[in-house]
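This report concerns only the one structure given below.
Read the figures in this text as sums done on the coordinates, not as results from a lab. Since the structure is predicted, the reported quantities are computational estimates derived from the model, not experimental observations. Glycine gets a Cβ as well: all are built from the backbone with ideal geometry, and neighbour counts include every protein chain shown.
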């Protein structure tokens, strides 16, 4: 028995706004960012530098979208206020 | 604007390159991108001329190299256009990365290759090594053996490539120099007739295409299983292509009055005890030798390989089963396997056809003629092996005195 096909078409066609973003990249992570909102000045560096653009702008603070965050730590490294720390998965 | 020239069938004396260009023009490609290279240049010249004369209404993209040519026709095909390109040897390897994409994307590009020796030792000369170098590219690979068949194969190639159950690029190979520059009588069908032959393609379910403003993921694989799934489907499509090509060849025969036996053209093989296998222009000479040997009472037949990928395993097993010995002529070599590539593949049919003597004849590389004398010698060797005598499996015929 074959597992069901992922692609409807013969070739690798997918809807850019759905299938392409459905990869579970969050599962690749060993550490995740935790933002201290008291230290955060809402400068937006973390969001600008995030390679997968998963630092979501919540109006007065930023929040990592952990479904896609791979835990690279660039946000923590670039934050001028050191408001982001990378914590090990499972620690919190 | 359809000029008079194509409103009626015509008989002309044209070269293999010109036949390829006529075949392409009659199929009305919408985007053409080619870069000239010996011995294919005339294809570019002819199609440019057709375009200038208003006989080819295509977007002609002038490119700086073959890599761009293949990328352009691939992208245009992904956007839904019928496309055409042509190359040879160095040009083919310069587009190799794009070539693999084309197949992986499953876009129905049609290309002709005037076969020539590949880079390594500079050889501006005939040989099928460039065709062999695309073996595992995922393309469908056809081989023509005369100018008429080149033209006809291009038309069949579109019908095959664009079939919704195939959706694969097709390359039509023909010997550079030997066929590219050989002028012979070719019947050029009318445009109307070609339109009619290709018209069933319009009644198929439409394939997905790239559309501006509608973002879509293309050539993506998902992860892991997605990749495997696309390869699995590609495999299945290649298997389907074999039967499709048989059908297309038969339908072509009904429509145009010419057919070529489908995947393989078996000549006088029914009662043959020994068989020669070859592909391309050399089969013309071999056919003559078979006729002469038959007159002498030798029970010999010829199998002409018309489809190199997918490899016509079933048809070949059917034709070759029960024969006493086989000789395979290769105008190319299989590095690291000490034999010719087509020989290697025929040898892989041993479980189906039995452990009979098979001999690999390497010859005709680098513009070396394969003469009737040489083929007579091959027949002698295969005959001797068929009688139970010891034989040498691989022979470099062009090296022998």
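Key figures for this structure:
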quantity	calculated
Binned Cα-Cα distances of region B:168-223, short to long, each 5 Å bin given as a whole percent	4, 10, 9, 14, 16, 13, 11, 11, 7, 4, 0
Using a Förster distance of 45 Å, the FRET efficiency for residue B:384-residue B:184 (Cβ separation, nearest 0.05)	0.80
Helix axis angle, B:66-78 relative to chain B longest principal axis, alpha carbon, degrees	60
Debye log10 I(q)/I(0) for region A:24-88, one point scatterer per Cα, at q = 0.13, 0.18, 0.22, 0.23 Å⁻¹	-0.28, -0.54, -0.82, -0.89
Angle between chain B longest axis and helix B:282-295 axis [Cα atoms, degrees, rounded to 10]	40
Degrees separating the helix B:372-386 axis from the principal Cα axis of chain B, which is the longest one	60
Cα gyration tensor, region B:136-279 - rounded (a/c under 1.5), prolate or oblate	prolate
Pairwise centroid distance, computed over Cα atoms, of region B:292-330 with region B:22-48, Å	33
Packing-based ranking, highest mean first, of B:66-73, B:183-190 given that Cβ atoms within 10 Å are counted	B:66-73, B:183-190
Value of relative contact order over chain A, rounded to a whole percent, pairs C-alpha under 8 Å and six or more apart	35
Peptide B:160-167 - average C-beta neighbours from other chains (10 Å radius)	1
Shape box of region B:11-86 [Cα atoms, principal axes, largest first, Å]	35, 24, 18
Cα coordinate range in region B:263-401, projected on the principal axes (Å, largest first)	36, 33, 29
Alpha carbon centroid spacing (whole Å) that separates region B:362-401 from region B:206-283	31
Label point distance in nm, residue A:56-residue B:294, each placed 7 Å from Cα along Cα→Cβ	7.7
Chain B - percent relative contact order, Cα under 8 Å, separation 6 or more	16
Region B:117-206 shape via C-alpha gyration tensor axes, a/c threshold 1.5	oblate
For the protein assembly as shown, calculated [θ]222 nm from helices alone, where every DSSP H run of n ≥ 4 adds -39500 (n - 2.57)	-10000 deg cm²/dmol
Peptides B:386-397, B:289-300 ordered by average Cβ neighbours within 10 Å, highest first	B:289-300, B:386-397
Exercise: per-residue mean of other protein chain Cβ atoms within 10 Å, B:214-220	6
Centroid-to-centroid separation of region A:59-92 and region B:88-162 [C-alpha atoms, Å]	51
Region B:233-334: equivalent-ellipsoid semi-axes (sqrt of 5 x gyration tensor eigenvalues, Cα, Å)	25, 16, 13
Region B:285-353 - convex hull of alpha carbons, volume per residue in Å³	106
Principal axis box of chain B, alpha-carbon based, largest edge first, Å	70, 53, 43
Kirkwood Rh and Cα Rg combined as Rg over Rh, evaluated for the protein assembly as shown	1.10
Cα→Cβ-extended label distance, 7 Å offset, between residue A:3 and residue A:87, nm	3.3
